[in-house]
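Okay, so here's the structure we're looking at.
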Amino acid sequence: MADWMILTITAVAILAIVVMIVRLRINPAVSLVVGAAGLGLATGMGAGGTTDTIMQGFGDIMLEVGLLIAWGVLMGSILNEMGAIRRLVDSLLRVFGPRGVPYAFGLTIGTLLQSIFLDVLLVMSAPLARRMAPALGTYGTARMATAMAISLECGIVLMVPGVAAVALAGLLSVPLGEMLIFGLIVIVPTILISIFVMTFFITRGLWKVDQDEQTDEEFAAAAAESSPVDGTASGTSQPAGSGKAGSLVDGRGTRVGLLPHDVRTSGGRAANEPSLVLLFAPMLLALALIAVGSILKMMDFSSPVVDFVSSPVIALLIGLLGTSYVGRFTIGRKRVEAAVVNGFRESGQILILTGAGGSLAAVVATSGMGDILGKYFTANSFAPLITVWIIAAVLHIAVGSVSISAITAAGILAPVASQIGLNPVLIALAAGAGSLFVVHVTSNTFWLLQSMLGQTTKGTLKSCTLGVSLASVVALGCTLVLGIFI
């Protein structure tokens, strides 16, 4: 088949996936598999070859990241149940003060807390950001909203164990330790530079308090309207843990939007609650083991014991077991078990979506797309990275999903990496960066930030859409600079 035909068919398949998701409202995972099947048949792979490739692609990426995603989500769910984020943010405010807290807050969310499902992390941290905003002065709401938007979205695609970052690593066969180290190198300057630039413009006329922030009365009304309790009047309280998805629950548990779980955001410190350092120690230990294992591997050092405990699946399992133990000591066995159940519920949809993305990537690779693109790209050229950024950005604008756009874009360019000698971690980071471009009204994150931080839609377009788009460009720049050295 001619090169132009394969390129055209692939473009049509990607467009069809976008139409199915956006216009026909078909589940993204289903749309990805349907698109993969159509691409395989149209490029002459045949019925048997197409289905085998789809299943093989799904299985390969599950082999790489299935348990990693599950362990990370379970760990985050237990931390959520323990109320760890509330305590951490309070500590940041005390230590860094009003001027430094947006940067510290952003870095903490974007790096340390990425085992927690994005919507859960947003709902846990938003009330705390709202509480801290007045201490930052006139533009406190704008600064905290911008820091939250940038760090939440960057973390999920650039930082292990963010679910999209883990999926990208598996899709491109990037060692998780390598993704962790290089992702950290990119995300830290991205968050700091983006928040600094946005703060500069916010304080020089970009942000209009009377137009971009809701009044206290408007904010209260919006909160009441956005938190209906199933079968009851809006704002009616229930015992913690008793509400259904789509409700706002008083007490220790809060449900927002369609989140299928409780989000722990309040409650004082219990007498037997361990220190904050101990609370996060198992997660930090897991990440440290992965990073150390990757560094030692680069140094050609090998030891059976070190290789075992530093392998990502074992390191994250150690972190999960440690977090479970701390949780049992802090909140009791029953609440830990309930958190694990919620974690399994969350991880299911993530795993299916990731696997479907792997299926599409496998079909794209088998169709000969890699051979075609390899003719036009060279390892010492920025073209592959800019191309994958553009593809991910366009997909995100159309679909509105950071994870889907990143995984799909990386899948298209994955075959190129091995053929031209380009380090695949750069493709993963570029795809992640592109998927951040123009977070807008199709994103659940957009509306949660708008409603929970007291912004108007116009204000959210500035703090979230503009802020995260700036971070997308900065992350691409950092990735291109990183590509000079690796």
>> Amide H of Q455 versus every other amide H placed in the peptide plane: which residues, excluding those fewer than 5 positions away on the same chain, fall under 5 Å?
In response: Q214
> Roughly to the nearest percent, how much of the accessible area of segment 275-366 is carbon and sulfur, given a 1.4 Å probe?
Replying inline: 74
>> Quick check: Cα centre of segment 10-35 to Cα centre of segment 83-112, how many Å?
In response: 39
> So what is Rg over Rh here for segment 1-104, counting just Cα atoms and using Kirkwood for Rh?
Replying inline: 1.25
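Rounded, prolate or oblate, given the Cα gyration tensor of segment 40-101, with a/c below 1.5 counting as rounded?
prolate
State in Å² the accessible area per residue of segment 62-205; use a 1.4 Å probe, count heavy atoms of protein chains only, and round to the nearest integer.
Result: 27 Å² per residue.
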> Per residue, how much space in cubic angstrom lies within the convex hull of the C-alpha atoms of segment 97-188?
Replying inline: 77
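The values are calculated or read from the model by the stated rules, or taken from the named source; none is laboratory data. Note that the structure is predicted; figures quoted are calculated from it, not measured. SASA here: full protein model, heavy atoms, side chains in, ligands and nucleic acids out. Shrake-Rupley method; radii C 1.70, N 1.55, O 1.52, S 1.80 Å.
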